[in-house]
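The values are calculated or read from the model by the stated rules, or taken from the named source; none is laboratory data. All figures in this text were calculated on a predicted structure; none of them were measured in a lab. Methodologically, a virtual Cβ is constructed for each residue, glycine included, from the backbone with ideal geometry; neighbour enumeration extends over all protein chains shown.
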Amino acid sequence: MKKKLRKAVFIVIYSFEKNKPIYLMLKRKLHWKGWEFPKGGIEWFETKRCAAKRESKEETGLEVFNLKKHSYHGSYLYPKMFNDRVDYFGQTFTLFSAEIKLEKKKIVLDSKEHSEYKWMTYSEAMKKLTYQEKKESLKIVNDWVIDKFK
């Protein structure tokens, strides 16, 4: 079987603390170690929007609202082959953002993929992100949130 790019979504989840945006960052432990935001593959039967909602719920345990699809998308290659993704050599992504109310409930991580979470300011999150496409995603969402809610 020919290897291909996996279709996926990135979801930058935000909330507000003292009227300033903060971002939910997850510490990855599956496939690589480092900080990221929720992301995941699009199932063959679902839309990108449905995948963004499902992945947000799977990786945080919470329902999101104000789900927005941004025009940013791209692709990247995996640094190595993964046993659970033998048909893929990388993935494409479409960027979404979503809001969570801080006072609602506690974040419940998918412990198979992530070891911890932390709410961070934009500058804190930018320092933690490793990959350029994730930094660009955060910048796009931060600019949009600041413009929309100022």
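Assorted remarks:
- Count of residues meeting criterion [in contact with a Phe, Trp or Tyr (Cβ under 6 Å, 6 or more places away or on another chain) and either at pLDDT 95 or above or assigned to a strand (DSSP E or B) (or both)] in region 108-128: 2
- Only residues that are touching a Lys or Arg at 6+ places or on another chain (Cβ under 6 Å) and assigned to a strand (DSSP E or B) were counted across region 9-52, and they come to 7.
- Test: residue in region 97-107 that is modelled with pLDDT of 95 or more, outside any helix (DSSP H, G or I), of a type in the set (A, V, I, L, M, F, W, C) and surrounded by 15 or more Cβ atoms within 10 Å (Cβ to Cβ): yes
- Subset of region 43-70 [touching a strand residue (DSSP E or B) at 6+ places or on another chain (Cβ under 6 Å) and acidic (Asp, Glu)]: 55
- Filter pass, residue 55 being closer than 24 Å to residue 144 by Cα, assigned to a helix (DSSP H, G or I) and either touching a residue at least 12 places away in the same chain (Cβ under 8 Å) or of a type outside the set (Val, Ile, Thr) (or both): yes
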